[in-house]
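The values are calculated or read from the model by the stated rules, or taken from the named source; none is laboratory data. Quick caveat: nothing in here was measured; it's all calculated off a predicted structure. As a convention, Cβ positions derive from the backbone with ideal geometry for all residues, glycine included, and neighbour counts pool all protein chains shown. These area figures cover heavy atoms from the full protein model, side chains too; ligands, DNA and RNA do not enter into them. Shrake-Rupley method; radii C 1.70, N 1.55, O 1.52, S 1.80 Å.
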Amino acid sequence: MKILKTTVIESRSPQETFAFGRKLGKESLPGQVYTLVGDLGAGKTVLTQGFANGLGVKEPVNSPTFTILQIYEEGRLPFYHFDVYRIADIEEMEEIGYEDCFYGDGVCLVEWGNLIGEILPAKRHRITLEKDLEKGFDYRRITVEELG
Ligand code: ADP
Ligand code: MG
């Protein structure tokens with residue numbers, strides 16, 4: 001795994017994280033896979049909601065707690081939102097047909113992507129969200145790495 005490019009953004013509110021996600025959604029290309037890495041409450045879903053908005057998805061996007069995958073077709077590209085927090089076995093990914101999503105013409109966002117490292121495509125974007133309480137409760141450092 002190679003890191004081709006690293007970008008660091010500092011967010012100071014949920015709105016800023018949403019806006020950053022929205023920008024990524026606007027710029028996204030068919031076939032891209034983004035993983036979102038960060039603790040509970042880091043802002044993965046907030047960023048995902050912005051991303052969906054940037055793609056033109058109008059319906060509300062929430063963390064699919066009991067379904068691993070939620071598909072939104074109304075935007076500029078098919079949008080596949082995974083949250084693999086509760087996944088027990090990689091087989092569950094196979095059962096839902098993840099390959100058609102990862103290697104299709106849509107865009108994938110995978111919350112907790114680090115839990116399914118073995119099946120992630122080498123070419124992907126990894127977004128890491130971190131708190132830093134010394135900088136305030138609403139501060140998040142967002143690191144985007146282009147892997148290839
Ligand atoms: P995750 O999906 O990573 O578990 P969520 O996106 O569901 O996290 O929740 C993030 C929580 O943190 C929300 O309640 C949001 O309002 C709050 N928050 C505070 N500051 C920020 C920020 N800068 N970026 C994103 N969320 C923030
Ligand atoms: Mg979430």
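Things to note:
- From helices alone, the chain scores -7000 deg cm²/dmol at 222 nm; the rule is -39500 (n - 2.57) for each run of n ≥ 4 DSSP H residues, then divide by the residue total.
- Charge dipole magnitude, Cβ of K and R +1, D and E -1 - region 3-147, Cα centre, debye nearest 20: 780
- Cα convex hull, region 58-142: 132 Å³ per residue, rounded to a whole number.
- Angle between the chain longest axis and helix 44-55 axis [Cα atoms, degrees, rounded to 10]: 70
- Working note: Karplus 6.51/-1.76/1.60 with θ = phi - 60° gives region 92-104 the couplings 4, 5, 5, 4, 8, x, 4, 5, 5, 7, 4, 10, x Hz, where Gly and Pro are set to x.
- Between helix 14-27 and the chain there is an angle of about 50 degrees, using the helix long axis and the longest principal axis of the Cα atoms.
- Between amide H atoms placed 1.01 Å from N, distances below 5 Å from Gln32 occur with Cys108, all of them 5 or more places distant or on a separate chain.
- Fraction of accessible area attributable to carbon and sulfur, region 3-147 (%, probe 1.4 Å): 49
- Hull-based mean projected area of region 1-142, where the convex hull spans the alpha carbons, in square nanometres: 8.2
- With the highest mean first, a sort of the peptides 85-94, 33-42, 136-145 on other beta-carbon atoms found within 10 angstrom per residue produces 33-42, 136-145, 85-94.
- Neighbours of Leu147, meaning other residues whose beta-carbon lies under 10 angstrom from its beta-carbon, give a summed charge of +3 when Lys and Arg score +1 and Asp and Glu score -1.
- At full extension, Leu40 and Arg86 could sit 15.3 nm farther apart than now, given 0.36 nm per residue minus the alpha carbon distance.
- Unit charges at the beta carbon, dipole of the chain: most positive-side option, Phe102, Ile90, Phe18: Phe18
- Å² of accessible area per residue within the chain, as computed with a 1.4 Å probe and no ligands counted: 53
- Formal net charge of residues neighbouring Ile9 (Cβ-Cβ distance under 9 Å; K, R +1; D, E -1): 0
- The spacing between region 117-131 and region 38-80, judged by their C-alpha centroids, is 16 Å.
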